[in-house]
Amino acid sequence: MADVLSPLARMGHATHCKRCLTGLPASQVDTDPFKMALVFYCLGTLDLMGQIPAGIKDSEKESWREWIWAQQASGPGGTGFRPGPLMNTHTERDDTYHESSENAPQMIMTYTALLSLAILRDDFSRLDRPGLISFLKACQNEDGSFSSEPYGGDADLRTTYCAFAICSMLGDWTGVHVDQALAFIASCRTYEGGYGQTPFSEASGMHSFPGGPAYCAVASIFLAGQGKQLSESDRLRTLRWLIINQEPSGGFRGRTCKGADACYSFWCGASISILEAKGLVSELPIVSYIASCQFKFGGIAKSPGDHPDPYHTYLSLAASALYPLPETLGAATWLLPALDPLLNATRDTAEWARRYIGVEN
């Protein structure tokens, strides 16, 4: 069986992400408004490939850190991180924003910025922790959901997950109404056990930043320490929905009657892991599908033959880290660092984040 599994193209994937950190290829320019998230997927891949710190020059790491810190901005809605500098109109200071700003801090970009800095082993001495807590407060809505920005924007399970992950890294939940947020999550649950991005939406693994509603819901519940409050019947129904979305190819689909997509190997696989049911799926089919999505010049695509991108590259590798192959298969090239499925980062990076981002630091 080991002979049918392609080796992990470590250097190719690392090179693909290094290239995207210095300049987006033409196929990726539409992701420019999400540049901070793209940086996280690139750095996350390098982290999983063991390229940080040994394989990266100190000058490069310092340059990336400075770029990320340059996106921290404060205003009446608290302090968070912007997607990047290209959206600035230069009508205000680079480190400030106001209600009419076109480039205010965003919840998802703040989550990815914090994890990116943790990957780079920053000491977070420049983090405005009180401002970050104020940012969380400003983004939460009356129904418990969180807007992407203090003055509005998308409000769905993605932003709820990011708010909970930030609270977990801070070790401080005073910036959110947890019970209201949990009620919002419950309202997104569908009859078959999955979750929609918003109430009354189709259960899906929506292909967006950061990703699948089922993962965002389940991870949020456990980040808040409320996993035991999930009834056994609800847990089993969610597991059933996740598992039936695995196709014979080994890949997972994001919704009923859709094709497999490599990123769902993480969104579904991580959810199964959090629900402590990894034994219900086999590692080899998951990794075999991911191996088939590798691009010969580096990077991993959503499906075999498609163009690769940092998003699918990182999430595919994260799924592989969660489902390591038995040594008997001889798949030594696929041995990756252990992953924290709740924060979606290597365990070492997650531990660094909680240690240095925490309010008691």
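The values are calculated or read from the model by the stated rules, or taken from the named source; none is laboratory data. Treat the numbers as computed from the prediction; the structure is a model and nothing was measured. FYI the Cβ positions are ideal-geometry reconstructions off the backbone, even for glycines, and counts take in every protein chain you see.
Can you run down the residue pairs with Cβ atoms below 7 Å, 6 or more apart or on separate chains, where the first is in the stretch 45-59 and under 18 Å from ALA319 (Cα atoms) and the partner is assigned to a loop (DSSP other than H, G, I, E, B)? From the stretch 45-59, the pairs are LEU46/ILE52; LEU46/ILE56; LEU48/LEU336; LEU48/PRO337. ALA14 passes every criterion in (1) at pLDDT below 90; (2) assigned to a helix (DSSP H, G or I); (3) not aromatic (Phe, Trp, Tyr) apart from (1).
Checking each residue in the stretch 340-349 for being in a strand (DSSP E or B) and touching a residue at least 60 places away in the same chain (Cβ under 8 Å) picks out ALA345, THR346.
Inside the stretch 267-309, can you point out the residues that are of a type in the set (Val, Ile, Thr) and either under 17 Å from ALA338 (Cα atoms) or in a helix (DSSP H, G or I) (or both)? Steps first, answer last, please.
Of the stretch 267-309, the ones of a type in the set (Val, Ile, Thr) are 272, 274, 281, 286-287, 290, 300.
ILE272, ILE274, ILE286, VAL287, ILE290 - these are the residues of the stretch 267-309 that are of a type in the set (Val, Ile, Thr) and either under 17 Å from ALA338 (Cα atoms) or in a helix (DSSP H, G or I) (or both).
Considering the stretch 182-215, and only residues there that are surrounded by fewer than 22 Cβ atoms within 10 Å (Cβ to Cβ) and of a type in the set (Gly, Ala, Ser), the residue that is modelled with the lowest pLDDT turns out to be SER208.
Looking at ALA70, ALA118, ALA104, can you tell me which residue is surrounded by fewer than 15 Cβ atoms within 10 Å (Cβ to Cβ) and aliphatic (A, V, I, L, M)? I'd like the intermediate steps shown before the answer.
Working: ALA118 fails: surrounded by fewer than 15 Cβ atoms within 10 Å (Cβ to Cβ); ALA104 fails: surrounded by fewer than 15 Cβ atoms within 10 Å (Cβ to Cβ).
On inspection, the qualifying residue turns out to be ALA70.
Taken over the stretch 295-307, the criterion of being surrounded by 19 or more Cβ atoms within 10 Å (Cβ to Cβ) and within 17 Å of PRO7 (Cα to Cα) is satisfied by PHE295, GLY298, GLY299, ILE300, ALA301.
Yes or no, residue by residue, for (1) touching a residue at least 12 places away in the same chain (Cβ under 8 Å); (2) under 22 Å from HIS16 (Cβ atoms):
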position: GLY259; (1), (2): yes, no
position: TRP267; (1), (2): yes, yes
position: ILE272; (1), (2): yes, no
position: LYS278; (1), (2): yes, no
position: VAL281; (1), (2): yes, no
position: CYS293; (1), (2): yes, yes
position: HIS307; (1), (2): yes, yes
position: PRO326; (1), (2): yes, no
position: GLU351; (1), (2): no, no
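Rundown of residues vs (1) modelled with pLDDT of 95 or more; (2) of a type outside the set (Gly, Ala, Ser); (3) under 25 Å from ALA163 (Cβ atoms), yes/no style:
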{"site": "GLY78", "(1), (2), (3)": "yes, no, yes"}
{"site": "MET87", "(1), (2), (3)": "no, yes, yes"}
{"site": "GLU99", "(1), (2), (3)": "no, yes, yes"}
{"site": "LEU115", "(1), (2), (3)": "yes, yes, yes"}
{"site": "LEU120", "(1), (2), (3)": "yes, yes, yes"}
{"site": "SER125", "(1), (2), (3)": "yes, no, yes"}
{"site": "ARG129", "(1), (2), (3)": "yes, yes, yes"}
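Within the stretch 33-52, does at least one residue satisfy the condition of being within 18 Å of the chain's Cα centre (by Cα) and at pLDDT below 75? There is at least one residue in the stretch 33-52 that is within 18 Å of the chain's Cα centre (by Cα) and at pLDDT below 75. Considered as a group, the residues in the stretch 316-361 that are in contact with a Lys or Arg (Cβ under 9 Å, 6 or more places away or on another chain) and modelled with pLDDT under 95 include one that is nearest to ALA14 (Cα to Cα), and that residue is THR333. Do the conditions hold for ASP123, that is, is it surrounded by fewer than 20 Cβ atoms within 10 Å (Cβ to Cβ), charged (D, E, K, R) and within 20 Å of the chain's Cα centre (by Cα)? Considered against the rule, which asks whether it is surrounded by fewer than 20 Cβ atoms within 10 Å (Cβ to Cβ), charged (D, E, K, R) and within 20 Å of the chain's Cα centre (by Cα), ASP123 comes out as no.
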